[in-house]
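Undergrad: What follows is a single structure, and I will ask about it in a moment.
Derivation of every value follows stated rules applied to the coordinates shown; laboratory data play no part. All figures in this text were calculated on a predicted structure; none of them were measured in a lab. In this analysis, Cβ positions are derived from the backbone assuming ideal geometry, glycine residues included, and neighbour counts consider all displayed protein chains.
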Amino acid sequence: MMKVLRREWREWLTFIVLAGPNLLLFVLFTYYPLIRNFLLSFQDFNIFTNSGEWIGLTNYQTIASDSQTAKILMNTFVFTTAVVVLVLTMGLLTAVLLNQKLRFRNGVRSLLFSPTVLAGTAVAIVWIYIFDPRYGLIYQMLRPFGIASPRWLTDPQWAMLAIIIVYVWKVLGYATVIYIAGLQAIPNDLYEAARVDGANAWQRFRHVTIPGLSPVTFFLLVTTILNSFQAFDIIRVMTRGGPSNATNVLIYFLYELGFTEISNIGRASVVAMILFVIMFFVTLLQLRYLERRVSYA
Amino acid sequence: MILNLNARTIVSKALGYAGMALLVLLIGLPIAWLITGSFKTNPEILTITPKLLPERIHFGNFVEAWQSAPFGRYYINSIWTTLLGAGAEVILAVTTAYALVFVRFPFRNAVFVLLLVALMVPEQVVIVPNYLTLAAWHPSGPIQSALLTLTEWPARITGGVWPPRSLVNTYAGIFLPGASIALGTFLLRQYFRTIPLDLTDAARVDGAGHFRTMLSIIVPVAMPAVATTALLSFTAKWNEYLWPLIITSTDSMRTLTTGISRLQDAEGNAQFGVLMAGALFVVIPVVIVFLFAQRFVVEGIAAGAVKG
């Protein structure tokens with residue numbers, strides 16, 4: 001009896017040694033700061049004295065009445081929507097293309113995937129050149145047609161589009177790779193059966209491929225939304241949220257309020273709460289999907 | 001009929017290759033431009049008749065980039081913080097996943113739920129309180145000093161910050177908040193659950209404890225999943241930008257990604273050649289790793305998303 005009990009204790013101790021450090025770090029750098037962020041959002045916090053004064057909902061009111069806020073929320077919405085639509089449709093198209101028996105398709109797949117592993121800061125540097133209205137690549141390509149290049153990064157009308165292009169360029173390969181795996185997981189019998197029933201290529205795509213890919217599409221939808229909320233490096237290096245806030249999104253606004261001249265810890269915490277609530281609900285969706293996958297496995 | 005079919009295949013093949021060519025151009029041109037641009041002189045880049053290849057290979061940009069920002073230091077800092085961060089993530093993912101699958105513990109499910117909730121809190125959301133935590137952390141006592149000696153020794157060699165007064169602008173400050181890992185643990189746990197229990201039972205009969213079972217049986221069997229986790233951690237840490245930007249305040253502690261902004265400030269956006277050389281400094285290590293391991297990564301993430 002004593003021996004069994006001691007063995008149990010050893011199991012428990014082993015568990016704590018193995019899982020404890022990870023959990024401790026979560027408590028210190030995820031759970032605790034989340035609660036503290038919530039509290040900070042009701043405070044006027046002075047970073048030099050490291051103390052806060054309770055001011056109720058003032059920070060929320062300031063953020064709500066700030067004319068920038070609506071614009072930044074709108075920017076975030078436009079950016080995320082455009083990115084999701086472009087990445088999912090182009091990802092699916094390229095996956096269907098590269099799933100055919102063509103030569104060099106593995107090489108093209110690798111090339112397509114490579115921007116996803118390159119640092120956003122480095123990628124942004126090249127694109128600053130590509131968008132340059134006097135010498136850039138796009139200018140060179142438009143010149144033969146007599147079209148003037150827009151001032152991509154300095155014109156509020158065009159800057160957001162420029163950021164979207166770079167971001168889609170960078171993450172497209174990820175969606176393609178996932179979609180290719182999804183295509184290969186669809187049983188060939190389904191296509192054969194559809195063919196026997198006289199379905200043409202479009203009907204097979206519409207009624208076999210699209211439904212067969214729906215779990216993958218859902219996964220990509222959630223990950224692309226979540227990642228797009230965290231797009232910071234490209235924006236910071238290319239536009240710094242400008243010109244006149246045209247590319248300022250929630251994550252950049254959070255950085256500005258937290259760590260630049262306009263620093264205000266309380267307001268930054270409000271923005272962080274907004275970001276958290278949005279991402280929390282999107283992640284909940286993802287978890288339901290992961291759970292479903294577990295039960296099917 | 002047969003002829004008709006052939007014509008159709010030829011057309012669809014031709015369309016396929018045209019599509020591939022377009023993709024290669026769209027994705028490849030910016031990358032090619034980054035590489036060749038860093039070997040060009042500035043007049044060669046700032047011209048209205050640009051060519052993809054430089055007149056002759058010109059190394060001046062690399063020299064100038066290296067001189068206008070301390071890239072040697074940035075390299076040391078990036079390598080060290082990536083080693084610490086990715087190393088911690090991989091070790092913690094393996095040990096936590098192993099504990100969750102193979103070790104008996106009364107609150108195992110509660111721990112798993114804690115992990116799932118952590119999955120819902122992205123690092124970026126808690127940057128402000130995490131900064132305050134690290135800024136208020138005054139390392140004292142023998143254990144903390146010993147730990148700091150372990151993480152901060154490169155700073156002592158390169159003349160960085162030593163001894164630190166808080167964890168702001170230290171290696172520990174850069175890697176610690178991102179050292180815990182939820183998603184990797186979750187995916188490894190999924191993988192470990194597919195390992196037949198006979199394997200661990202056999203080890204138990206042979207008298208192996210948990211640590212030996214984990215290291216000599218589970219990790220080798222799950223090597224593809226562990227390696228994918230390691231590679232993804234490596235690229236994520238190497239490319240990380242927002243947190244190092246916030247937590248470092250001197251050139252002696254900056255990493256490569258944050259150093260690029262420093263170079264941009266020093267040179268201005270017109271010095272494209274120098275900037276592209278700097279950008280190349282940042283991406284080369286990842287590209288080298290990726291060239292050897294890309295199949296692994298591509299298949300790993302695809303399997304993770306589709307099969308689970």
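Undergrad: Can you pull the mean other chain C-beta count within 10 Å for peptide B:228-240?
TA: Values: counts 0, 0, 0, 1, 1, 0, 1, 4, 1, 0, 2, 9, 3.
The per-residue average across the peptide is 2.
Undergrad: For peptide B:25-35, how many partner chain Cβ atoms fall within 10 Å of a residue's Cβ, on average?
TA: The shielding value for this peptide is 5.
Undergrad: Extending each Cα 7 Å along its Cβ direction at B:A236 and B:F112, get the distance between those two points in nm, one decimal.
TA: Between B:A236 and B:F112, the label points sit 2.1 nm apart.
Undergrad: Can you find, among B:F192, B:I48, A:L183, the residue sitting farthest towards the positive end of the charge dipole of the protein assembly as shown, where Lys and Arg contribute +1 and Asp and Glu -1 at Cβ?
TA: Looking along the dipole axis, the top candidate is A:L183.
Undergrad: Show me the ranking of peptides A:226-236, B:42-52 by mean Cβ neighbours inside 10 Å, starting with the highest.
TA: On the way: A:226-236: 21.0, B:42-52: 13.5.
Per-residue mean Cβ counts within 10 Å order the peptides as A:226-236, B:42-52.
Undergrad: Multiply the residue separation of A:Q203 and A:W54 by 0.36 nm, subtract the distance between their alpha-carbon atoms, and state the gained length in nm to one decimal.
TA: Values: separation 149, 0.36 × 149 = 53.64 nm, distance 6.21 nm.
That works out to 47.4 nm of additional length.
Undergrad: While we're here: Under the rule of at least 5 residues apart or a separate chain, name every residue whose amide H is placed under 5 Å from the amide H of B:W162.
TA: When sequence neighbours closer than 5 places are left aside, there are no close amide H contacts.
Undergrad: Separate question: Report Rg/Rh for the range A:1-143, rounded to two decimals, where Rg is the Cα radius of gyration and Rh the Kirkwood radius. Please report the intermediate quantities before stating the final value.
TA: Values: Rg = 26.6 Å, Rh = 22.4 Å.
So for the range A:1-143, dividing Rg by the Kirkwood Rh gives 1.18.
Undergrad: Follow-up. What order do you get for A:90-99, B:172-181 when each peptide is scored by the mean count of other beta carbon atoms within 10 Å, highest first? List each step's numbers first, then the result.
TA: Working: A:90-99: 20.7, B:172-181: 25.3.
Answer by packing, highest mean first, reads B:172-181, A:90-99.
Undergrad: Using a/c under 1.5 as the rounded threshold, could you call chain A rounded, prolate or oblate? The axes a ≥ b ≥ c are square roots of the C-alpha gyration tensor eigenvalues, and prolate needs a/b larger than b/c, oblate otherwise. If you can, show how the numbers build up before the last one.
TA: Details: a/c = 2.17, a/b = 1.09, b/c = 1.99.
Verdict is oblate for chain A.
Undergrad: Place the peptides B:203-214, B:266-277 in order of packing, highest mean first, counting for every residue the other Cβ atoms within 10 Å and averaging per peptide. Don't skip to the end; give the middle numbers.
TA: Working: B:203-214: 14.5, B:266-277: 20.9.
Taking the mean over residues of other Cβ atoms within 10 Å, the ranking is B:266-277, B:203-214.
Undergrad: Another question, if that's okay. Given a Förster distance of 25 angstrom, what is the FRET efficiency for B:S145 paired with A:N46, based on the Cβ-Cβ distance and rounded to 0.05? Mind showing how you got there, number by number?
TA: Values: r = 30 Å, r/R0 = 1.18.
That gives a FRET efficiency of 0.25.
Undergrad: Here is a further query. Run the dipole for chain B about the Cα centre, Lys and Arg Cβ at +1, Asp and Glu Cβ at -1, nothing else charged, and hand back the magnitude in debye, nearest 20. Walk me through the numbers before you get to the answer.
TA: Working: 19 positive and 14 negative charges, 107 e Å.
Result for chain B is approximately 520 debye, rounded to the nearest 20.
Undergrad: Once the piece of chain linking B:T250 and B:L26 is laid out straight, how much longer is it, given 0.36 nm per residue of separation minus the C-alpha distance between them? Can you show the working numbers first?
TA: Values: separation 224, 0.36 × 224 = 80.64 nm, distance 3.78 nm.
Extra length available between B:T250 and B:L26 comes to 76.9 nm.
Undergrad: Further question: May I ask you to compute the full-extension gain from A:F218 to A:Q140, defined as 0.36 nm times their residue separation minus their alpha-carbon distance, rounded to one decimal in nm?
TA: Details: separation 78, 0.36 × 78 = 28.08 nm, distance 3.90 nm.
This chain segment gains 24.2 nm when fully extended.
Undergrad: Can you tell me how the range B:232-303 classifies by the Cα gyration tensor, rounded, prolate or oblate, using a/c under 1.5 as the rounded cut?
TA: The shape class here is oblate.
Undergrad: Can you check what the net charge comes to around B:S216, using other residues whose Cβ is under 15 Å from the Cβ of B:S216 (Lys, Arg +1; Asp, Glu -1)? Before the final figure, lay out each step's value.
TA: Values: positive: B:R204, B:R212; negative: B:D201, B:D206.
Taking every other residue near B:S216 into account, the sum is 0.
Undergrad: While we're looking at this one, here's another question. Ignoring everything except DSSP H segments at least 4 long, calculate the 222 nm mean residue ellipticity for chain A; use -39,500 (n - 2.57) per segment, divide by total residues, nearest 500.
TA: Values: 14 runs with 204 residues, N = 297.
My calculation for chain A gives -22500 deg cm²/dmol from helical runs alone.
Undergrad: Among the aspartates and glutamates, which fall within straight-line cross-link reach of B:K51, defined as a Cα-Cα distance under 19 Å, with same-chain neighbours fewer than 8 residues apart omitted?
TA: List returned: A:D132.
Undergrad: Please give the calculated 222 nm ellipticity per residue for chain B, where each DSSP H segment of at least 4 residues contributes -39500 (n - 2.57) and the sum is spread over every residue; nearest 500 deg cm²/dmol?
TA: On the way: 15 runs with 219 residues, N = 308.
Value at 222 nm, helices only: -23000 deg cm²/dmol.
Undergrad: What helices does chain A have that are whole DSSP H segments, at least 20 Å long along their own axis by Cα, and with mean Kyte-Doolittle hydropathy of -0.5 or more?
TA: Span-like helices, by this rule, are A:2-26, A:67-98, A:159-185, A:214-229, A:265-296.
Undergrad: Mind checking the mean number of beta-carbon atoms from other chains within 10 Å of the Cβ atoms in B:273-280?
TA: Values: counts 1, 0, 7, 5, 1, 3, 9, 3.
That works out to 4 on average.
Undergrad: I would also like to ask the following. Under a plain spin-label model, where a point goes 7 Å from the Cα along Cα-to-Cβ, how far apart in nm are A:L73 and A:E192?
TA: Taking the two extended label points, one gets 5.5 nm.
Undergrad: Related question: Taking only complete DSSP H runs, can you tell me which helices of chain B stretch 27 Å or more along their own long axis by Cα positions and average at least -1.0 on the Kyte-Doolittle scale? Don't skip to the answer; put the middle values down first.
TA: Values: long enough: B:2-37 (50 Å, 1.47); B:71-102 (45 Å, 1.09); B:272-306 (42 Å, 2.13).
Correct list, ordered by number: B:2-37, B:71-102, B:272-306.
Undergrad: Something else about it: For the protein assembly as shown, what's the radius of gyration and Dmax over Cα atoms, in angstrom?
TA: Cα-based Rg and Dmax for the protein assembly as shown come out at 25.8, 90 Å.
Undergrad: If you don't mind, there's one more thing I want to ask. Taking R0 as 22 Å, what FRET efficiency do you get between A:I35 and A:S65 from their Cβ-Cβ distance, rounded to the nearest 0.05?
TA: Working: r = 26 Å, r/R0 = 1.20.
So, using R0 = 22 Å, E works out to roughly 0.25.
Undergrad: Can you list the residues, at least 5 places off or on another chain, whose amide H is less than 5 Å from the amide H of A:Q43, using H built in the peptide plane?
TA: A:I55
Undergrad: Neighbouring Cβ atoms within 10 Å as the yardstick, rank A:K101, A:K170, B:K40 fewest first.
TA: Exposure proxy ranking, most exposed first: A:K101, A:K170, B:K40.
Undergrad: What nm distance separates the two modelled labels at B:I217 and A:T81, each placed 7 Å from Cα along Cα→Cβ?
TA: It is 5.5 nm.
Undergrad: Would you mind getting the Kirkwood hydrodynamic radius of chain B from its Cα pairs, rounded to one decimal in Å?
TA: Working: mean 1/r = 0.0435 Å⁻¹.
Roughly 23.0 Å, rounded to one decimal.
Undergrad: Given contacts defined as C-alpha pairs under 8 Å and at least six residues apart, what's the relative contact order of chain A, whole-number percent?
TA: Details: 297 pairs, mean separation 75.4, N = 297.
Value for chain A: 25 percent.
Undergrad: With +1 on the Cβ of every Lys and Arg and -1 on the Cβ of every Asp and Glu, and nothing else charged, how large is the dipole of the protein assembly as shown about its Cα centre, in debye rounded to the nearest 20?
TA: Magnitude of the dipole: close to 1300 debye.
Undergrad: Can you figure out the FRET efficiency of A:S263 with A:V17, using R₀ = 56 Å and their beta-carbon distance, to the nearest 0.05?
TA: The calculated FRET efficiency here is 0.85.
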